[in-house]
Amino acid sequence: MNPNSQPNVDRQTLHKIAQLARLDIAATEEEAVLSDLNQILDWVEKLKELDTEGVEPLRFMSGEMNNLREDIPNNALNKSAALKLAPKADQDHILVPKVLNND
Amino acid sequence: MPTLSDYEVVIGLEVHVQLQTQSKIFSGDANQFSTTPNTNISAITLAHPGTLPKLNRQVVAHAIKIGLACGCHINQETIFARKNYFYPDLPKGYQISQDKAPICEGGKVEFVLKDGKKAVMPLTRIHMEEDAGKSSHPDEGAYSWVDYNRAGTPLVEIVTDPVVCHPNEAAAFAYGYFKEIRKLVQYLEICDGKMEQGSLRCDANVSLMPKGSQVFGQRTEVKNLNSMRNVQRAVTLEIERQFGLLSAGEQVLRQTLNFDAQKNTITAMRSKEEMNDYRYFPDPDLAPVMISDEWLQEVKQQMPALPQQLQDKLMTDFGLSAYDAEVITEEKALYAYFAQTAKLTSHYKLIANWLMGDIKEYLNQHHLSIEALPVKPAGLAQLITLIESGKLSHTIASRELFPLMLKNPEQPAEALAQAHRLVANQDADELSEVIKGIIAQFPKEAKAYKQGKKKLKGMFMGQVMKQTGGKADPKLTTQLLDRLIAEVE
């Protein structure tokens with residue numbers, strides 16, 4: 001990316017991001033959300049001032065490798081406990097606002 | 001008017017394979033098919049705050065196995081990525097998958113088409129990922145139901161290169177490839193191959209282009225095909241649909257499609273579902289995986305013989321036809337049954353006939369797998385030995401002894417045959433008397449037979465069998481009949 005580029009989220013991008021996160025942004029909220037998003041990006045932009053010439057990208061915070069577990073079942077969650085934690089459930093399922101599938 | 005043959009089809013397949021492990025890919029809840037919703041779940045699977053995924057070692061070993069079986073390059077340093085999309089069956093809001101540096105790259109799958117021709121499917125990559133949960137949408141009410149049993153089930157996704165096919169051959173090619181993948185994963189014992197439970201699912205990418213073109217047409221993706229037959233049907237249907245559009249001067253749209261097996265139709269998913277932008281990035285919660293040379297070597301040593309190798313072996317070492325070899329290697333357990341029986345009797349073709357005839361019929365009727373067959377390889381070998389030694393006609397073996405063996409699997413075949421008086425009459429004197437009686441009964445026919453009317457042999461054999469209740473040794477009877485007929489004046 002061009003280090004001098006100015007981040008700017010426009011309305012179209014805002015609605016695309018909102019759609020991907022299944023959020024409804026009301027017209028009255030647009031300005032405030034746009035301003036917040038751009039502020040966040042401006043702040044991140046500041047990091048670009050650092051000279052990272054020759055520095056490998058840091059993808060993982062710990063230098064750990066192969067943090068693996070053996071294939072042994074454990075720590076299962078009891079069904080009723082799990083359903084109780086859900087915002088809405090019946091005796092078997094977690095319920096979510098209806099997703100219109102392929103109709 | 002252009003015809004379908006004026007086009008070429010480009011096809012690419014993505015097969016999702018559920019791996020057979022005790023626990024899930026990133027958490028300890030059981031990896032088990034269950035019809036009771038939300039029984040195999042954990043705080044990690046449900047993405048409760050503060051939980052962290054931890055990779056199951058066995059999943060890596062399974063992924064290496066399929067990679068080795070397909071001759072892929074194994075990336076010994078491999079990382080996981082987040083594939084971001086929003087759907088209720090995906091509690092984290094992203095699927096942990098692989099993007100850059102997947103565990104396997106390249107490779108190919110060789111298989112045999114229905115007509116016996118060999119075919120090769122080149123692979124792009126194989127990567128590890130987690131399965132999503134399942135949501136259902138009842139007609140009534142304002143809610144969708146979500147079951148997270150399947151969420152976190154370890155998968156490998158096998159992605160092929162796009163391959164150019166003749167329009168009439170594309171569907172059979174896809175069918176043969178998917179069938180071979182199912183065989184492979186079962187032989188490797190990394191997947192149970194249970195299609196009806198969704199253990200293997202295929203997405204098909206299809207496009208059409210004018211014959212000889214270098215530019216691929218607009219492709220579509222048909223999702224979630226859950227049987228070999230449905231892969232074949234959906235590909236056929238999609239080729240026809242696209243040909244219809246192109247012939248009418250219309251455009252093929254870039255779409256994700258659903259195949260309805262009941263109605264045999266293809267329909268587009270809602271456009272909103274298609275607006276995917278997965279925004280992959282390396283998952284910081286999971287450490288990179290380093291596959292040491294030792295680990296790789298260890299997995300290599302565990303590799304079993306693969307179906308194509310065994311098929312060749314059945315043809316060269318056991319003299320079976322390509323068709324027999326193909327059917328017997330279809331299921332690993334069936335091949336194992338054959339191999340065990342073949343250690344006990346060398347009448348290999350007969351073993352194959354029994355497996356593909358009476359035994360298959362019994363298993364199909366009772367919805368059983370070969371492992372559940374009451375008659376074990378030792379029993380089948382005894383049965384075949386009885387037939388081969390002339391002690392039992394094939395008809396009696398099939399109609400009488402085999403059903404008896406199924407009911408009394410603990411009893412030796414010969415003892416059962418004796419107890420039920422099924423053993424062939426090999427008493428030459430007794431049989432001679434029977435034959436003489438019949439010749440006396442049918443003097444005209446006997447004379448005609450002697451003078452060369454060979455068709456009458458069947459009539460005489462039939463009479464002998466009728467009078468002995470089917471228990472005359474056919475070989476001996478033939479010999480005696482030939483001799484006694486020759487003596488007719």
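Assessment of the stretch B:3-23 against the conditions (within 11 Å of chain A (Cβ to nearest Cβ) and farther than 24 Å from B:Glu180 by Cβ) yields at least one matching residue.
Of all the residues in the stretch B:358-383, those that are within 23 Å of B:Gly469 (Cβ to Cβ) and free of Cβ contacts under 8 Å to residues at least 40 places away in the same chain number 2. In this structure, B:Leu481 does not satisfy being at negative phi, in contact with a Phe, Trp or Tyr (Cβ under 7 Å, 6 or more places away or on another chain) and without any contact (Cβ under 8 Å) to a residue 12 or more places away in the chain. Taken over the stretch B:196-231, the criterion of being farther than 30 Å from B:Thr21 by Cβ and either part of a helix (DSSP H, G or I) or aromatic (Phe, Trp, Tyr) (or both) is satisfied by B:Phe216 alone.
Would you check if there is a residue in the stretch B:170-192 being in contact with a strand residue (DSSP E or B) (Cβ under 9 Å, 6 or more places away or on another chain) and without any contact (Cβ under 8 Å) to a residue 40 or more places away in the chain? Checked the stretch B:170-192: no residue is in contact with a strand residue (DSSP E or B) (Cβ under 9 Å, 6 or more places away or on another chain) and without any contact (Cβ under 8 Å) to a residue 40 or more places away in the chain.
Scanning the stretch B:312-324 for residues being closer than 20 Å to B:Glu180 by Cα and out of contact with any Phe, Trp or Tyr (no Cβ under 8 Å at 6 or more places or on another chain) gives a total of 7. Of everything in the stretch B:77-115 that is in contact with a helix residue (DSSP H, G or I) (Cβ under 7 Å, 6 or more places away or on another chain) and within 14 Å of chain A (Cβ to nearest Cβ), the residue that is surrounded by the fewest Cβ atoms within 10 Å (Cβ to Cβ) is B:Phe86. Is it the case that B:Ala419 is surrounded by fewer than 20 Cβ atoms within 10 Å (Cβ to Cβ) and more than 28 Å from B:Gly462 (Cβ to Cβ)? Taking the combined requirement at face value, the residue does not satisfy it.
Return yes or no: is B:Ala142 in contact with a Pro (Cβ under 9 Å, 6 or more places away or on another chain), on the phi < 0 side of the Ramachandran plot and modelled with pLDDT under 95? Yes, satisfied.
Look at (1) exposed (fewer than 11 other Cβ atoms within 10 Å of the Cβ); (2) touching a strand residue (DSSP E or B) at 6+ places or on another chain (Cβ under 7 Å) and you find that A:Arg69 fails only one, number (1). May I ask you to say which residue of A:Ala81, A:Ala32 is within 14 Å of another protein chain (Cβ to nearest Cβ), without any contact (Cβ under 8 Å) to a residue 12 or more places away in the chain, outside any loop (DSSP other than H, G, I, E, B) and out of contact with any Gly (no Cβ under 8 Å at 6 or more places or on another chain)? One residue alone meets the criteria, A:Ala81. Against the definition (of a type outside the set (Ser, Thr, Tyr), surrounded by fewer than 16 Cβ atoms within 10 Å (Cβ to Cβ) and modelled with pLDDT of 95 or more), how does B:Gln309 come out, yes or no? Against the criterion (of a type outside the set (Ser, Thr, Tyr), surrounded by fewer than 16 Cβ atoms within 10 Å (Cβ to Cβ) and modelled with pLDDT of 95 or more), B:Gln309 does not qualify. Could you list all residues from the stretch A:89-103 that are part of a loop (DSSP other than H, G, I, E, B), touching a strand residue (DSSP E or B) at 6+ places or on another chain (Cβ under 8 Å) and more than 7 Å from chain B (Cβ to nearest Cβ)? Residue satisfying the conditions is A:Asp90 alone. When you go through (1) more than 22 Å from the chain's Cα centre (by Cα); (2) loosely packed, with under 11 Cβ neighbours inside 10 Å one by one for A:Ser62, which number turns out not to apply? A:Ser62 satisfies every listed condition except (1). Scanning the stretch B:100-115 for residues that are among the small types (Gly, Ala, Ser) and within 25 Å of the chain's Cα centre (by Cα) returns B:Gly106, B:Gly107. The set of residues in the stretch B:24-59 being facing chain A (nearest Cβ under 7 Å), assigned to a loop (DSSP other than H, G, I, E, B), surrounded by fewer than 20 Cβ atoms within 10 Å (Cβ to Cβ) and of a type outside the set (A, V, I, L, M, F, W, C) consists of B:Thr39, B:Lys54. Only residues that are loosely packed, with under 14 Cβ neighbours inside 10 Å and modelled with pLDDT of 95 or more were counted in the stretch B:266-294, giving 4. Taking the stretch B:116-154 as the search range and keeping residues that are without any contact (Cβ under 8 Å) to a residue 24 or more places away in the chain and under 24 Å from the mean Cα position of the chain (by Cα), which one is nearest to the other protein chains (Cβ to nearest Cβ)? The selected residue is B:Val120. The set of residues from the stretch A:51-78 being of a type in the set (Val, Ile, Thr) and either at the interface with chain B (Cβ under 7 Å from one of its Cβ atoms) or not in a loop (DSSP other than H, G, I, E, B) (or both) comprises just one member, A:Ile72. Elements of the type helices (runs of 4 or more DSSP H) sitting completely within the stretch B:403-489 and holding at least 2 residues that are at pLDDT 85 or above and within 30 Å of B:Leu363 (Cβ to Cβ): these cover B:413-419.
Number of residues in the stretch B:8-23 that are buried (at least 22 other Cβ atoms within 10 Å of the Cβ) and part of a strand (DSSP E or B): the value is 7.
The values are calculated or read from the model by the stated rules, or taken from the named source; none is laboratory data. What you see is a predicted model; the values in this text were computed from it and never measured. Positions of Cβ are backbone-derived with ideal geometry, glycine not excepted, and every protein chain shown enters the neighbour counts.
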